[in-house]
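Working notes, beginning with the structure itself.
The values are calculated or read from the model by the stated rules, or taken from the named source; none is laboratory data. Keep in mind that what you see is a predicted model, and the values were worked out from it rather than measured. Neighbour counts are summed over all protein chains in view; Cβ atoms, including those assigned to glycine, are modelled from backbone coordinates with ideal geometry.
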Amino acid sequence: MNKRLLSIIIAVVMSLLAVVMINTYLNREKQKYKIQLQETTIVVAGQDIPKGATIQPNMLRQVKFPVQYMQPDVLQNPNAAFGKIAVTDIHKDGQVLSTMLTTIRKTEDSLAVRLPTGKRAFTIKIEPLMAVAGEVKAGDYIDIIGGFPYTQNVDGKAVTENVSVTLFQKILVMGVNRDSSGSLVFILALTPQESAILSYAMTQGALRFILRQPLDTAIESVPPIEANALWQYIISNLGQQLMQQPQQEKKKEEPQVVEQPVAPPPPPAPTLEIYKGAKKEQIELKK
């Protein structure tokens, strides 16, 4: 083999080796670039959350975030944070980590520190029967409904009737105590406007607490319920059953007539025809 051919073979081998090395490098860079562009959904703070605050739905939001910059314990589902307590300050747009939250509230934290931002501590005393038989605990969420007298002008006359109203939904219970008379004393987290409304409502009618599931964030539109609304509900939902019941009772009262079987008519008796001239007579033959 001459030197020229050997040189050509070496050049070809080196070229192939260079191509392989370049492809390997490009593939590695391509994978690195894909990892940098890969995103997922994480939970971040929608506002500054102070230490000791109870996490509310409006405090968090979900965003797309590069995978390579995610913290190991970052939350990806906001439901995992609702109702828990911040053990440290969480700054706006910061990643919310599972290590930042707890379900255990420290006794040394004051009530003011534990209040959610924008809320006020409101105290109300209510009988256990009106508060789910005393099953409402600190950290639960409740709805508050009330029955109040409502006066309106009907044909020039003042008519007063009781109206049931859903005042508030998803109210956080901060604490529950029992006084010497057996009544329950609740500490609620309310906005200033809610506090003013509830303070007036306490003097006007009876209140009742409705316990709700802590992860249920739905706020439903509930119209006031008065006599007409009640009867409309009864008629629309139970009216058909009420109409069918008298008909069923009427059927039970009507006497049932038992039809007797009718005997078939007896077969005709045999006859004998007799001709007398042009006349024909039939004579019945008796057995």
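Candidates in region 102-128 are the residues that are within 17 Å of Asn177 (Cβ to Cβ) and in a helix (DSSP H, G or I); of these, the one that is modelled with the highest pLDDT is Pro128.
Looking at this structure, is Phe122 surrounded by 14 or more Cβ atoms within 10 Å (Cβ to Cβ) and not assigned by TED's automatic domain parsing to the domain that holds Leu198? Talk me through it step by step, then tell me what you get.
Numbers: surrounded by 14 or more Cβ atoms within 10 Å (Cβ to Cβ): yes; not assigned by TED's automatic domain parsing to the domain that holds Leu198: no.
Answer is no for this residue.
If you check Thr99 against the conditions, is it among the polar types (S, T, N, Q) and over 19 Å from Leu190 (Cβ atoms)? Judged against the criteria, Thr99 is a match. Being free of Cβ contacts under 8 Å to residues at least 60 places away in the same chain, of a type in the set (S, T, N, Q), assigned to a helix (DSSP H, G or I) and not assigned by TED's automatic domain parsing to the domain that holds Lys170 is a property that Gln31 has. Just one residue in the set Ala81, Ala86 is under 20 Å from Pro214 (Cβ atoms) and in contact with a Lys or Arg (Cβ under 8 Å, 6 or more places away or on another chain); that residue is Ala86.
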